[in-house]
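A.B. asks: This is the structure I have questions about; it appears just below.
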């Protein structure tokens with residue numbers, strides 16, 4: 001039952017004692033509700049900040065009106081709005097918080113509206129997160145990760161000791177939220193405790209960490225630039241922030257994040273959490289007859305493929321990257337359109353994915369001519385090109401991050417314009433309906449940041465970005481509402497738009513544009529699994545990959561290359577082998593939804609071993625993957641497992657062998673699992689199940 005609690009001023013709220021961010025006297029769970037409530041007892045305890053008319057919010061808000069609205073939206077989910085209104089200008093600030101009473105997580109979004117009749121003074125330095133941790137006995141350690149930088153380094157784990165006086169600032173670059181760095185952080189503190197910070201903003205966020213002389217850490221996170229006025233009735237929002245308090249080693253915090261994302265930020269299909277699909281990818285510039293042959297053979301062979309994937313170049317009149325903005329199906333390739341392909345798939349209870357790039361519009365396309373008033377431009381001086389360059393170039397990563405032009409004069413569709421957004425929603429909704437699309441593969445190949453900033457007046461800095469990002473969410477939300485069976489593949493030149501908000505609506509099924517190197521795939525999984533439970537590896541070739549390469553591609557989903565399958569006989573050894581390998585993968589795929597534990601160090605070395613564990617405590621099952629790389633001279637290794645029940649017996653089996661070994665949980669955790677790999681390179685999958 002919803003209820004409303006009202007207060008006349010902040011000072012009438014109950015004053016709760018709160019001396020540190022991490023509660024040392026609560027070893028199992030932080031009192032998140034108490035922390036949230038205490039944060040609103042005094043303005044200098046707010047966990048967000050801004051400047052209004054060049055004055056800090058904390059100096060102004062005591063004289064403002066305030067309100068609270070509390071409601072329950074689930075058995076253990078509590079939502080609370082803290083509302084503050086400036087009586088002089090009509091500025092209304094609402095902090096909408098969500099907490100889960102059975103967890104240590106809290107989330108919030110700030111919304112700012114001009115309810116007055118005049119333009120507001122300048123709002124600047126809007127920080128959705130601004131707090132200081134308690135003093136520490138030792139230097140805190142920040143754990144974070146690179147973004148999808150289109151190289152071996154994608155999602156590389158990073159670590160920085162924040163010693164006294166240390167300062168660091170991170171942001172994605174280019175306006176895509178996980179381009180240079182992922183928007184997720186783990187602040188490891190003294191006494192086996194810590195704090196997870198997750199940012200939900202599919203634009204240019206900025207997060208800062210600074211440690212003072214007492215080792216307390218100030219954390220600030222918001223958009224990289226905000227300095228704007230609001231006209232009457234205008235409203236903006238901040239990035240979403242999630243905090244998860246944890247006790248234990250940093251890995252405990254990572255797994256609380258994974259569980260939180262799967263429970264509360266997992267997209268749905270037909271009102272059910274999405275599964276972990278397998279895709280078979282094909283190029284859109286391929287004739288329809290070939291697609292039909294490939295689909296038929298996948299169905300006849302009963303391969304465990306859920307979605308057939310048609311990528312770029314199915315549309316327009318030329319090369320795909322030059323004709324975005326002309327979404328007419330190429331009749332020379334698809335004389336009957338795409339529907340015969342999706343109908344064939346649907347008849348066999350399979351699904352259809354189609355690639356689109358809704359944001360970029362190329363010169364000389366119909367949309368460029370017909371909808372120029374809805375298109376944003378970037379000045380010549382701010383244009384960054386990188387197309388057709390080699391990935392071996394030393395500046396490749398920098399070029400890829402900054403790129404905002406593929407073809408000269410590329411423009412950006414303005415998702416922030418309501419009329420433009422309605423057009424896009426209606427157009428692509430019709431495309432989905434006519435062609436029977438089940439997965440909308442939304443790509444974004446240029447950085448939007450300079451387009452946004454070029455559109456802003458000096459007193460409106462940040463406005464275009466805010467409205468554009470809000471519009472992107474509205475675009476996705478409306479497509480999903482109109483098509484309940486639809487899922488969205490979130491691609492942005494690989495996984496460059498992964499954040500708390502995008503993950504609630506979409507999934508990075510093509511996590512990197514650097515998908516081919518075997519050991520790089522191991523490194524990508526090792527790093528990304530700590531932060532993003534649902535993702536897919538690309539360029540997986542079960543008909544030709546050796547066992548080491550194939551197992552190096554395992555993740556919660558995979559994108560298969562089954563080129564030539566349509567012409568194969570069902571008895572072809574390659575096809576038979578592919579089915580066997582995919583069945584082995586299917587047997588362990590759901591373990592990727594469990595807790596994740598790295599069992600080795602991260603390494604890009606050719607002579608290293610790499611290992612990890614996925615544990616499903618809800619099932620009493622899990623798996624270990626171990627890789628011996630090509631130049632390693634070591635033939636064996638022992639890996640202590642994590643998260644098992646010490647007194648339980650487990651049945652342990654190498655997936656390549658029939659023998660089953662019974663082992664105690666305590667032994668597996670204390671003595672470890674011994675793995676012998678005499679060949680190099682080699683990969684093994686070991687499955688364990690608690691004995692019932």
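Readers should treat all values here as calculations from the given coordinates under stated rules, not as data from a laboratory. What you are looking at is a predicted structure, and each value in this text was computed from that prediction instead of being measured. All Cβ positions, even for glycine, are placed from backbone atoms using ideal geometry, and neighbour counts span all protein chains on display.
A.B. asks: What area, in nm² and to one decimal, does the C-alpha convex hull of the chain cast on average over all directions?
C.D. replies: Computed as one quarter of the Cα hull surface, the answer is 31.8 nm².
A.B. asks: Tell me, what is the FRET efficiency for residue 692 and residue 229 to the nearest 0.05, using R0 = 51 angstrom and their Cβ-Cβ distance as r?
C.D. replies: E(calc), rounded to 0.05, equals 0.20.
A.B. asks: Can you pull the one-decimal nm distance between simple spin-label points at residue 669 and residue 583, each 7 Å off the Cα toward Cβ?
C.D. replies: Reported label-point gap for residue 669 and residue 583 is 3.6 nm.
A.B. asks: For region 119-229, take the alpha-carbon Rg, divide it by the Kirkwood Rh, and send me Rg/Rh.
C.D. replies: Value, to two decimals: 1.01.
A.B. asks: Where in region 526-551 does the label zone of residue 574 land, with the point 7 angstrom along Cα→C-beta and an amide N cut-off under 13 Å?
C.D. replies: Only 541-546 pass the distance filter.
A.B. asks: Still on this structure: Given a Förster distance of 60 angstrom, what is the FRET efficiency for residue 102 paired with residue 300, based on the Cβ-Cβ distance and rounded to 0.05?
C.D. replies: About 0.80, to the nearest 0.05.
A.B. asks: Viscosity 1.306 mPa s, temperature 10 °C: Stokes-Einstein D of region 217-274 from its Kirkwood Cα radius, in µm² per second?
C.D. replies: 104
A.B. asks: Can you give the Rg to Rh ratio for region 482-533, taking only C-alpha atoms and Rh from Kirkwood?
C.D. replies: Value, to two decimals: 1.03.
A.B. asks: Given region 242-373, what whole percent of its Cα pairs are spread farther than 26 Å?
C.D. replies: The share of Cα pairs beyond 26 Å in region 242-373 comes to 46 percent.
A.B. asks: Can you tell me which of 146-153, 181-188 comes out highest on packing, and rank the rest after it, using the mean Cβ neighbours within 10 Å?
C.D. replies: 181-188, 146-153
A.B. asks: I need the P(r) histogram for region 356-472: all alpha carbon pairs, bin width 5 Å from 0 out to the longest distance, whole percents.
C.D. replies: The distribution over region 356-472 is 2, 11, 19, 21, 19, 14, 8, 4, 1, 0, given as percents.
A.B. asks: Report the percentage of all Cα-Cα pairs in region 595-690 whose separation exceeds 21 Å, rounded to a whole percent.
C.D. replies: 29
A.B. asks: Further question: If packing is taken as the average count of other Cβ atoms within 10 Å, what order do 338-346, 629-637, 193-201, 653-661 fall into, highest mean first?
C.D. replies: Highest mean packing first, the order is 193-201, 338-346, 629-637, 653-661.
A.B. asks: Can you sort 202, 506, 377, 401 from fewest to most other Cβ atoms within 10 Å of each residue's own Cβ?
C.D. replies: So the residues, fewest neighbours to most, are 377, 401, 506, 202.
A.B. asks: Same structure again: Please compute the volume of the convex hull spanned by the alpha-carbon atoms of region 27-264 and report it per residue in Å³.
C.D. replies: Spread over its residues, the Cα hull of region 27-264 gives 130 Å³ apiece.
A.B. asks: Can you work out the base-10 log of I(q)/I(0) for region 641-690 at q = 0.17 1/Å, using the Debye formula on its C-alpha atoms alone?
C.D. replies: Result of the Debye calculation: -0.52.
A.B. asks: Suppose R0 equals 30 Å. What FRET efficiency, 1/(1 + (r/R0)^6) with r the Cβ-Cβ distance, do residue 456 and residue 481 give to the nearest 0.05?
C.D. replies: Working from the Cβ atoms, E equals 0.50.
A.B. asks: Using the Kirkwood radius over Cα pairs, work out the Stokes-Einstein diffusion coefficient for region 375-442 at 20 °C and 1.002 mPa s, in µm²/s as a whole number.
C.D. replies: Roughly 145 µm²/s, to the nearest whole number.
A.B. asks: Just the projected area, averaged over all directions, of the convex hull on the alpha carbon atoms of region 441-587: how many nm²?
C.D. replies: 11.5
A.B. asks: Could you give the nm distance between label points at residue 275 and residue 59, where each point is 7 Å from its Cα heading toward the beta carbon?
C.D. replies: A separation of 6.0 nm, rounded to one decimal place.
A.B. asks: Within 10 Å, count the other beta carbons around each residue, average over each peptide in 73-79, 242-248, and list them highest first.
C.D. replies: So the peptides 73-79, 242-248, ranked by packing, come out 242-248, 73-79.
A.B. asks: Can you tell me, using C-alpha contacts under 8 Å and at least 6 residues apart, the relative contact order of the chain as a whole percent?
C.D. replies: 11 percent.
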